[in-house]
Amino acid sequence: MNNEWPLWEVFIRGQHGMSHRHVGSLHATDAEMAIKNARDVYTRRNEGVSIWVVEAVNITASSPSDKGPMYEPSESKVYRHPTFFDIPDEVGAM
Amino acid sequence: MYAQMIKTASTGVKSDEDMSDLERQFQARIDAGEKIEPKDWMPEDYRATLIRQMGQHAHSEIVGTLPEGNWVTRAPTLERKAILLAKVQDEAGHGLYLYCAAETLGVTRDEITEMLLDGRMKYSSIFNYPSLNWADIGAIGWLVDGAAIMNQVPLQRTSYGPYSRAMVRICKEESFHQRQGYDAIRACAEGTDAQKKMAQDALNRFWYPSLMMFGPPDSDSVHSAQSMAWKIKINTNDELRQKFVDQTVPQAEYLGLTVPDENLKWNDETGQYDFSQPDWGEFFDVVKGNGPCNVDRLADRNKAWDDGAWVRDGMMAHARKKAAAKIAAE
Amino acid sequence: MTQQEALFQFLLRMGDNTLILGHRTSEWCGVAPVLEEDIALANTALDFIGQTQFWLGYAGEVEGKGQDADRLAFHRDAWDFRNLLLCEMPIGDFGQTIMRQFLFDAWHSIYIARLLKSSDPRVSEIAEKASKEVAYHLERSAETVVALGDGTEESHSRMQKALDYLYPYVGEMFLADDVDAAMVSAGIAPDPTALRDEYDALVQKVLDEATLTVPGNRFAQKGGKNGAMHTEHLGHLLCSMQWLQRVYPDGNW
């Protein structure tokens, strides 16, 4: 039997209220150990206050060939970005 | 530079007309500065070369814990011991990041670990030199990590996304390593006569092996061109070596230590130091396995791996039982 | 024995436990069974070194002879060390290392919890800082003991062997002497004999889960915490740990 410990992806939320961010991976036998290992491996410099782990095989990723259909439609919706709109200087900060 | 003499898994750079459409698109993405991600199409040779390079880089971090770990139990103060332990722990972490990055290319960590253990994969020649006195710990941080940083900073821009991200994380942690090393050797250089002797002895032994870390002269480097086109190698060996010498010589002078090179002198015309090449015959001997510590280093890694097998298996068996019990209870 | 001498001895006991066990843990640097464990063990060792700096630093101040933590760590001979024998035992295989860690952590967590209420503000301050680290050490070592006890036949038998080997060194944690009496009456530290039931319950629970059998024989090896008789192992540990400081006493590192 292959006894290599499964691979886990680690997500950490830092001090400043940002979303959890992918920081890397590690090996662990189960989720509890993955959390502990993540604490030891990825927060050695006070990087985080909250840790998520997910086994790598459970991540479904978009396929690169879908890149066009997945993301290009949003590229054309430039009006979603605030800089699309000209606001007269006299109106002030908005 | 922890990846030396990476044999590119191809024969030279392909010309535009020799490339398939996919290869041409791939090269265009790299030329445009795009990152290649794990599920993207990539030439098999690119994948194979990267596995070799990241694997060797990771192995170097792991084997590199041995010469420094050699002094953890003999560190002279509590603070030095804590700093050294934290530093070596970082190296283990760097190995871990790099193994994980390599795993995105379809090898497992156990597979490449076994390739290190049975000698199919290499690690940097520098770690086949012994750490003999306490100032060596300073010299390793200052010179070896210093040389590694030279290579790793540009590698943050490497074309493979996971590799590049691992390097960003590693570089953030590396400058602590070089500084702690310089600080440790500086305490020796400014200390008693015996301590000064340690510092000079460390520099004498680590100077040329550090220069070797950048790999053979460009004129003898047959593998660079394709790797540079793929942006998995960013600078040439000689460029980085020169940069390292120019940066390091004034640091040695500040310490009052003598670089063991009679030909070392500032060249006003080139605006660089002229310096002696290391003994490349010795380098190739070390790479072939005949360095002072090759046998011991590999034996130590093998022993740790073999001794740890029951632990890895035992923990995995427990996790399986726990998962099975949970399913049975549901 | 004056109150000051008793406090000094008490602080040496705390600091020498973490100094010596931290040193043992650091011997795993680079050779642990798996990378993640290597990194975790280094964290534990670093915590212990940090705690040592606080305990021995304060010890030196109380002694009042100008010794700092480094002086105490690197310039005393074996007879002046006050750590539990358990802490100086060799690392053995990983099973022995993690079993010792668990047996120590269980005691340490109970003891440190009492020190949070110490009448000596410096002691409670150090305990406060250490308590979070100690809680994590215990969580981690207990889980590892459970996993390896329950894991495979081989891991089970190695863990049982480690437990049988180390158990005679558990009793020393609960022996009391004059130093303890002085600390109890000053409200600085708890009576060690009063902690055994809580310890036994905690250890029993974890070892049950690990399917391991607590040895029936409670004979206690002793002589570490009062310095009367250490094991042969301590001298060898000091040979490496103190070597540079002893050979080059004028060095500034």
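The values are calculated or read from the model by the stated rules, or taken from the named source; none is laboratory data. The structure presented is a predicted model; accordingly, all values stated were derived computationally and were not measured. Neighbour counts run over all protein chains shown; Cβ positions are idealised from the backbone, glycine included. Keep in mind that these areas ignore ligands, DNA and RNA; they rest on the heavy atoms of the full protein, side chains included. Shrake-Rupley method; radii C 1.70, N 1.55, O 1.52, S 1.80 Å.
Here are the numbers for this structure:
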| item | result |
| --- | --- |
| Cα centroid separation, region B:175-202 to region B:119-171 (Å) | 20 |
| Under Karplus coefficients 6.51, -1.76 and 1.60, residue-wise ³J(HN,Hα) of region C:239-247 in Hz, glycine/proline x | 4, 7, 4, 9, 3, 4, 4, 6, 6 |
| Calculated Rg and Dmax of region C:3-247 using C-alpha coordinates, Å | 17.2, 54 |
| For residues of B:105-116, the mean tally of beta carbons on other chains within 10 Å | 2 |
| Karplus-derived HN-Hα couplings along region C:170-184 (A = 6.51, B = -1.76, C = 1.60, θ = phi - 60°), whole Hz, x at Gly and Pro | 6, x, 4, 5, 10, 8, 10, 9, 4, 4, 4, 4, 5, 5, 5 |
| Cα-projected label distance for C:GLU125 with C:GLU209, points at 7 Å along beta-carbon direction, nm | 3.6 |
| Taking chain C and dividing mean pair separation by its residue count, relative contact order in percent (alpha carbons under 8 Å, at least six apart) | 24 |
| ³J(HN,Hα) computed for each position of region B:163-175 - Karplus, 6.51 cos²θ - 1.76 cosθ + 1.60, integer Hz, glycine/proline x | 5, 4, 5, 4, 5, 4, 5, 5, 4, 4, 8, 5, 5 |
| Isotropic mean projected area of the C-alpha convex hull, region B:179-305 (nm²) | 10.9 |
| Formal net charge of residues neighbouring B:LYS7 (Cβ-Cβ distance under 15 Å; K, R +1; D, E -1) | +3 |
| Loop-resident sites, region B:1-103, for trypsin sites (Lys or Arg not before Pro), counting at most 16 other Cβ within 10 Å (DSSP) | B:LYS7, B:LYS39 |
| Average silhouette area of chain B, convex hull of alpha-carbon atoms, in square nanometres | 21.0 |
| Cut-off under 5 Å, modelled amide H: who pairs with B:ILE36 long-range | B:TYR160, B:GLY161 |
| Separation in nanometres of the label points that stand 7 Å from Cα toward Cβ, at A:SER50 and B:ALA328 | 3.6 |
| Exposure ranking of B:LEU78, B:LEU132, C:LEU46 by accessible area [1.4 Å probe, largest first] | B:LEU132, C:LEU46, B:LEU78 |
| Residues listed by number, region B:292-330, amide nitrogen under 13 Å from A:ALA31 label point at 7 Å toward C-beta | B:323, B:326-327 |
| Calculated FRET efficiency for the pair C:ALA181/B:GLU37, C-beta based, R₀ 60 Å, to 0.05 | 0.35 |
| Radius 11 Å from Cβ of C:GLN9, net charge of other residues (Lys, Arg +1; Asp, Glu -1) | -4 |
| Principal semi-axes in Å for region A:1-54 [√(5λ), Cα gyration tensor, largest first] | 22, 10, 8 |
